[in-house]
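The numbers here are math on the coordinates, done by the rules we state, and not lab data. Since this is a predicted model, take the numbers as computed values, not measurements. Reconstructed Cβ throughout: ideal geometry from the backbone, glycine too, with neighbour counts over all protein chains shown.
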Amino acid sequence: MKIFQFRLQKLLQVKTYNKMQKQKELSQAERMRRMEEAHLAMLQQHLHNEIEALKAQKRDHVNVARLTRSVHYQQRLLTNMATQERVITDACRKEEIKRGRLIEATKEEKTFEKLKERQQYRYLVELDHLMQKENDEIGKNVFMRREQH
């Protein structure tokens, strides 16, 4: 009997490749989200540092020019932080879309893998049945020869 050959093997390979591509896309989206979150954390740290620097200056003496620059800087940081939060939200949304696509690709691949497993199981059952038939035939022939002698 011929060896087992899955007729849809090429399609299974395509589905596996597609899943791998979706995994790469998801990891890129996750990396992008983490970078944007790190950028937001950096902006928050700059704001915290600026506020702490102002507190230290208030103890000594208040310089109006420095205070004005600080307020403008803080406002710019807050605006940048709000923008960055929107960017992070967008990155999270893109990441979820890519995660959904990966899940879908994984389901497709699993479907073909299950089909392959079922076909392989049927092949093995059929092979076992044929082997049993051969053994029965051999046993029958041996018995017939003993009867003739």
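Note on the chain: helix-only mean residue ellipticity at 222 nm, from DSSP H runs of 4+ residues weighted -39500 (n - 2.57) and normalised by residue number, equals -35000 deg cm²/dmol.
Among 90-103, 124-137, the peptide with the highest mean count of other Cβ atoms within 10 Å heads the list, and the full ranking is 90-103, 124-137. Dipole magnitude for the chain: about 300 debye, using +1 per Lys or Arg Cβ and -1 per Asp or Glu Cβ, origin at the Cα centre.
Tilt of helix 64-148 relative to the longest C-alpha principal axis of the chain, in degrees (0 to 90, nearest 10)? Once rounded, the angle reads 10 degrees. Note on Gln119/Glu30: beta-carbon distance plugged into 1/(1 + (r/R0)^6) with R0 of 30 Å gives a FRET efficiency of 0.25.
When the chain is described by a simple charge dipole with +1 on each Lys and Arg Cβ and -1 on each Asp and Glu Cβ, the residue from Leu102, Gln57, Ser70 located farthest towards its positive end is Ser70.
If r is the Cβ-Cβ distance from Gln57 to Ala82 and R0 is 22 Å, what FRET efficiency results, to the nearest 0.05? Once the sixth-power term is evaluated, E becomes 0.25. Sorting Ser70, Ser27 by the number of Cβ atoms found within 10 Å of their own Cβ, with the fewest placed first, yields Ser27, Ser70.
Each Lys and Arg Cβ is given +1 and each Asp and Glu Cβ -1; about its Cα centre, the range 69-149 then shows a dipole of about 600 debye. Along the axis of the charge dipole computed for the chain (Cβ charges of +1 for Lys and Arg, -1 for Asp and Glu, origin at the Cα centre), the listed residues Ala29, Gln84, Gln132 are led at the positive end by Gln84.
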